[in-house]
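Okay, structure first, notes after.
The values are calculated or read from the model by the stated rules, or taken from the named source; none is laboratory data. This structure is a prediction, so every number in the text was calculated from the model and none was measured. Note: ideal-geometry Cβ built from the backbone for every residue, glycine included; neighbour counts use all protein chains shown. Heavy atoms of the whole protein, side chains included, go into the accessibility calculation; ligands, DNA and RNA do not. Shrake-Rupley method; radii C 1.70, N 1.55, O 1.52, S 1.80 Å.
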Amino acid sequence: MLSLWFQSIDGVHFTSFIPKQPYQLLFTQGTGEDKEEILNYEFDTKSLICLVLSSVVGVWYLLKKHWIANNLFGLAFALNGVELLHLNNVSTGCILLGGLFVYDVFWVFGTNVMVTVAKSFEAPIKLVFPQDLLEKGLGASNFAMLGLGDIVIPGIFIALLLRFDVR
């Protein structure tokens, strides 16, 4: 997500301002002829900047559990879910969306089980939207929730339709 942000904002490419310096992280075990390569990772300056920014957001979330940090992680997880999960055909997607609809009607709207679980589970598994943002500012405490499944499942169906449209 951050690498997309570095690519282009309003046509300005931030990567042109950052020197492309290559780095290599190499871990070996043993000496001489018994030397065995354990890890060999190559990266550049852009990856280091993304690591620092992501670490700052991660520490912020761990220390404060702020809703903005929670939403940043939730959106990153949802985006990765849409990128990693693929459907084979449209009928599978329709069955999956129909199942999600029935699931939501029963477990989310019919009972309070899912709301109780979502409120008690302290992890970025949901997006939270402050309902009292105008009154309390960024320190808002009354939230509406949207589960990541309600983003990822329709998202992978839309990704299937986009792949179908491109072909």
| Accessible area, 1.4 Å probe, largest first: how do Lys64, Lys126, Lys35, Lys20 sort? | Lys20, Lys64, Lys35, Lys126
| message | Going by average Cβ density within 10 Å per residue, which order do the peptides 66-75, 154-163, 25-34 take, highest to lowest? | response | 66-75, 154-163, 25-34
| field | Residue-normalised accessible area of the chain, given per residue in Å² at a 1.4 Å probe | value | 73 Å²
| message | Please compute the length gained on full extension between Val105 and Leu162, using 0.36 nm multiplied by the number of residues separating them and subtracting their Cα-Cα distance. | response | 17.8 nm
| Just going by the charge dipole of segment 41-167, with Lys and Arg at +1 and Asp and Glu at -1 on Cβ, which of Cys94, Val52, Tyr41 is farthest out on the positive end? | Val52
| said: Once you keep just the Cα pairs under 8 angstrom separated by 6 or more residues, what percentage relative contact order results for the chain? | reply: 19 percent
| query | Relative to the Cα centre, what is the charge dipole magnitude of segment 49-167, using +1 at the beta carbon of each Lys and Arg, -1 at the beta carbon of each Asp and Glu, and rounding to the nearest 20 debye? | reply | 160 debye
| query | For the chain, what is the convex hull volume of its Cα atoms per residue in Å³? | reply | 231 Å³
| Efficiency of FRET between Leu48 and Asn80 - r from beta-carbon atoms, R0 25 angstrom, step 0.05 | 0.75
| message | Highest mean first, how do 116-123, 48-55 rank when packing is the count of other Cβ atoms within 10 Å averaged over residues? | response | 48-55, 116-123
